[in-house]
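Undergrad: One structure follows; several queries about it will come next.
The values are calculated or read from the model by the stated rules, or taken from the named source; none is laboratory data. Source: prediction; values computed, not measured. Counting neighbours? That spans all protein chains shown, and the Cβs are built from the backbone with ideal geometry, glycine included. Just so you know, the surface numbers come from the protein's heavy atoms only, side chains and all, with ligands and any DNA or RNA stripped out. Shrake-Rupley method; radii C 1.70, N 1.55, O 1.52, S 1.80 Å.
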Amino acid sequence: FSRDILQAITCKAAVAWEAKKPLVIEEVQVAPPKAGEVRIKVLSTGVCHTDAYTLDGHDPEDCSP
């Protein structure tokens, strides 16, 4: 395996800081994988309906930070 996997990496993340606000694109540090974990490269993704519902401020059980 590549030694690169043992290093922390910097990635971009779409972060939801609060409901009814746009996602914020930020750079985040990702630690190397621990025992039993793997690191994958995500090429594309989406937002599930439940996350969109919560982000829009409609979820009465809002569990966001």
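Undergrad: Can you tell me how many residues in segment 47-65 are modelled with pLDDT of 80 or more, open to solvent by 100 Å² or more (accessible area, probe 1.4 Å) and either basic (K, R) or assigned to a loop (DSSP other than H, G, I, E, B) (or both)?
TA: Number of matching residues: 1.
Undergrad: A further question follows. Pairs needed: first member in segment 36-62, over 18 Å from W17 (Cα atoms); second member anywhere, among the aliphatic types (A, V, I, L, M) and not in a loop (DSSP other than H, G, I, E, B); C-beta distance under 9 Å; at least 6 residues apart or different chains.
TA: If the second residue must be among the aliphatic types (A, V, I, L, M) and not in a loop (DSSP other than H, G, I, E, B), the pairs left are V38/I5; R39/I5; R39/I9; R39/V30; T45/A14.
Undergrad: Among the residues of segment 8-46, count how many are more than 29 Å from H58 (Cβ to Cβ), modelled with pLDDT under 90 and either hydroxyl-bearing (S, T, Y) or surrounded by 10 or more Cβ atoms within 10 Å (Cβ to Cβ) (or both).
TA: Total satisfying the criteria: 1.
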